1. I'd like to verify a number: residues in region 81-112 that are in a helix (DSSP H, G or I) and either buried (at least 20 other Cβ atoms within 10 Å of the Cβ) or in contact with a Ser or Thr (Cβ under 6 Å, 6 or more places away or on another chain) (or both), how many?
2. So ILE39 fits all but one of (1) touching a Lys or Arg at 6+ places or on another chain (Cβ under 9 Å); (2) surrounded by fewer than 18 Cβ atoms within 10 Å (Cβ to Cβ); (3) farther than 24 Å from TYR157 by Cβ; what number is the exception?
3. Which residue is surrounded by the most Cβ atoms within 10 Å (Cβ to Cβ), if the candidates are limited to region 113-133 and must be touching a Leu at 6+ places or on another chain (Cβ under 7 Å) and not polar (S, T, N, Q)?
4. Return the residues of region 17-36 that are surrounded by fewer than 20 Cβ atoms within 10 Å (Cβ to Cβ) and over 14 Å from the mean Cα position of the chain (by Cα); say none if nothing qualifies.
5. Report the residue count in region 99-128 for those that are touching a residue at least 40 places away in the same chain (Cβ under 8 Å), under 30 Å from THR228 (Cα atoms) and not small (Gly, Ala, Ser).
6. Which one is modelled with the lowest pLDDT among residues in region 170-204 that are surrounded by fewer than 17 Cβ atoms within 10 Å (Cβ to Cβ) and within 17 Å of the chain's Cα centre (by Cα)?
7. Residue check: is LYS125 within 19 Å of the chain's Cα centre (by Cα), assigned to a helix (DSSP H, G or I) and of a type in the set (Lys, Arg)?
8. Specify the residue that is surrounded by the most Cβ atoms within 10 Å (Cβ to Cβ); the eligible residues are those in region 134-155 that are in contact (Cβ under 8 Å) with a residue 24 or more places away in the chain and over 18 Å from VAL190 (Cβ atoms).
Amino acid sequence: MGANLKEKVAIVTGASRGLGREYAKALAAAGAQVIAADIKDCTKTVEEITSAEHSAIGIELDVRDQESCQNMANTAVSHFGKIDILVNNAALYGSLGTGRFDTLDDKDWDDCMDVNVNGIWRCSKAVINSMRENKSGSIINISSLAALAGLPYALHYSTSKAAVIGMTRAMARELGKDWIRVNAVGPSAVLTEGTKEFFGEKLEKAAEVIASGQSLQRNLVPEDLTGTILYLASDDSKFVTGQTIMVDGGTVFL
């Protein structure tokens with residue numbers, strides 16, 4: 001039986017392409033009214049959802065700015081009356097410079113933390129009043145296999161995604177009294193635009209190495225993740241909080 005999100009309102013950040021678009025489409029198909037938010041244009045995401053006769057609106061979001069995050073939350077409430085689900089997907093990845101940890105650019109480090117860590121904090125702050133009023137909610141933070149396995153030459157990215165797990169656990173402790181659940185998902189490298197940008201000409205070799213280290217030896221695709229997102233968004237997981245679910249083909253076991 002699939003997840004039933006009828007009458008639920010879901011925000012997905014970083015929804016203009018890749019995983020964010022797939023999360024938004026899956027949530028809408030399960031019955032949620034979706035706010036697709038991104039610093040980039042979400043028109044295509046919204047069009048794909050509404051052409052399937054599901055409900056969605058797009059909004060510009062800069063997770064580096066608290067006012068922008070609050071505007072996102074206010075728009076969701078004004079259009080749909082409440083916020084039930086927040087998928088904190090927006091992150092810097094493909095555009096980051098890489099290299100030995102002692103050669104990483106200070107700006108890349110600061111930008112990575114500001115988006116990948118502070119952005120989740122800002123978006124969560126923006127939606128929390130609506131969830132508290134309803135005494136329910138599900139916040140889903142996107143971490144990464146890099147947080148546990150370590151990604152060489154990308155210390156900033158690995159560190160930011162490890163921080164997401166710690167933040168998830170602390171928020172779950174705080175928000176349990178309000179019946180708001182906070183969980184994280186940790187995918188391995190997914191063959192999206194961002195991954196292609198990150199690995200560049202080394203993509204094929206990297207994909208082979210990643211798959212060979214998994215119990216299930218093929219590369220992850222966006223559709224592999226949507227079931228976990230739907231589970232955590234729905235009442236099927238109503239007694240699950242503070243957890244990190246690894247969707248990595250069996251690379252690490254928690």
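1. First pass over region 81-112, keeping only residues in a helix (DSSP H, G or I): 101-103, 106-112.
Of the ones still in play, those that are also either buried (at least 20 other Cβ atoms within 10 Å of the Cβ) or in contact with a Ser or Thr (Cβ under 6 Å, 6 or more places away or on another chain) (or both) are 112.
So the answer is 1.
2. Here ILE39 meets the rest and fails (3).
3. Among residues in region 113-133 that are touching a Leu at 6+ places or on another chain (Cβ under 7 Å) and not polar (S, T, N, Q), the one surrounded by the most Cβ atoms within 10 Å (Cβ to Cβ) is CYS123.
4. Listed by number, the residues that qualify are ALA29, GLY31.
5. First, the residues of region 99-128 that are touching a residue at least 40 places away in the same chain (Cβ under 8 Å): 99-101, 104, 108-109, 112-128.
Adding the requirement that they be under 30 Å from THR228 (Cα atoms) leaves 109, 112-128.
Checking the rest, the ones that are also not small (Gly, Ala, Ser) come to 109, 112-118, 120-123, 125, 127-128.
Qualifying residue count, region 99-128: 15.
6. Applying the first criterion (surrounded by fewer than 17 Cβ atoms within 10 Å (Cβ to Cβ)) to region 170-204 yields 170, 173-174, 176-179, 191, 193, 196-197, 200-204.
Remaining after also requiring within 17 Å of the chain's Cα centre (by Cα): 191, 193.
On the way: LEU191: 69, GLU193: 66.
Checked region 170-204; the qualifying residue modelled with the lowest pLDDT is GLU193.
7. On the way: within 19 Å of the chain's Cα centre (by Cα): yes; assigned to a helix (DSSP H, G or I): yes; of a type in the set (Lys, Arg): yes.
Against the criterion (within 19 Å of the chain's Cα centre (by Cα), assigned to a helix (DSSP H, G or I) and of a type in the set (Lys, Arg)), LYS125 qualifies.
8. Kept after step one, since they are in contact (Cβ under 8 Å) with a residue 24 or more places away in the chain, are these residues of region 134-155: 134-145, 147-149, 153-155.
Restricting the remaining residues to those that are over 18 Å from VAL190 (Cβ atoms) gives 134-139, 153, 155.
Numbers: ASN134: 16, LYS135: 10, SER136: 16, GLY137: 24, SER138: 25, ILE139: 28, TYR153: 13, LEU155: 19.
Ranking the candidates gives ILE139 first.
The values are calculated or read from the model by the stated rules, or taken from the named source; none is laboratory data. This one's a predicted model, so the numbers in the text were calculated from it and none came from an experiment. FYI the Cβ positions are ideal-geometry reconstructions off the backbone, even for glycines, and counts take in every protein chain you see.
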